[in-house]
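Comments concern the structure below.
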Amino acid sequence: MSQPLKLKRRNAAVLCSIWPDGFESCILFSDLRDACPCAHCIGEEVMGQKVYIGRKVFAPGMNELVDLKPVGNYAIQALWKDGHDSGIYTFDLLRQVFVNKKLSAETLATIDDEIHR
């Protein structure tokens, strides 16, 4: 999978992307956080045995994106305001999240209105 051409914060709740094939999408930061692939969030298996089930911890700032950093030429790493930074989102996973959680134009307009009130 190719990397996105652009990732841009639309507002305090939404991240947008543009991909080389022309696909464009915006998602909620909370959907990106929910898709975090780290062992703390989704659990961990060793030799087919679940050794840690993972758990969602609700904390202030957990859905506030601070930064996105490239990881080699295959992924990005998200840093969240609550300090969580162990999730590495491959471009395949990132694209899947942007496809599956794409916000409609109507929803984006509603979010924009709510944020700018």
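Readers should treat all values here as calculations from the given coordinates under stated rules, not as data from a laboratory. Remember, it's a predicted structure, so these values are computed and weren't measured experimentally. Don't worry about glycine lacking a Cβ; one is built from the backbone with ideal geometry, like all the others, and counts go over all protein chains shown.
Of all residues in region 83-98 being assigned to a helix (DSSP H, G or I) and not β-branched (V, I, T), which is surrounded by the fewest Cβ atoms within 10 Å (Cβ to Cβ)?
D92
Across region 23-78, what is the total count of residues that are over 21 Å from A13 (Cβ atoms), touching a strand residue (DSSP E or B) at 6+ places or on another chain (Cβ under 8 Å) and small (G, A, S)?
4
Could you tell me how many of the residues in region 30-45 are surrounded by 13 or more Cβ atoms within 10 Å (Cβ to Cβ) and either acidic (D, E) or touching an Asp or Glu at 6+ places or on another chain (Cβ under 7 Å) (or both)?
3
So, in region 70-87, how many residues would count as being under 12 Å from the mean Cα position of the chain (by Cα) and within 15 Å of P4 (Cβ to Cβ)?
4
Which residue is surrounded by the most Cβ atoms within 10 Å (Cβ to Cβ), if the candidates are limited to region 63-82 and must be free of Cβ contacts under 8 Å to residues at least 60 places away in the same chain and of a type in the set (S, T, N, Q)?
It comes out as N63.
Would you be able to say whether some residue in region 49-62 is crowded, with 16+ Cβ neighbours inside 10 Å and touching a residue at least 60 places away in the same chain (Cβ under 8 Å)?
Looking for residues that are crowded, with 16+ Cβ neighbours inside 10 Å and touching a residue at least 60 places away in the same chain (Cβ under 8 Å), one finds none in region 49-62, hence no.
Would region 33-42 turn up any residue that is more than 17 Å from the chain's Cα centre (by Cα) and among the acidic types (D, E)?
no
Condition check: crowded, with 17+ Cβ neighbours inside 10 Å and without any contact (Cβ under 8 Å) to a residue 12 or more places away in the chain. Does C16 satisfy that?
Judged against the criteria, C16 is a match.
Of all residues being touching a residue at least 24 places away in the same chain (Cβ under 8 Å) and not basic (K, R) in region 97-113, which is nearest to I18 (Cα to Cα)? Just the residue, please.
Out of the qualifying residues, it is F98.
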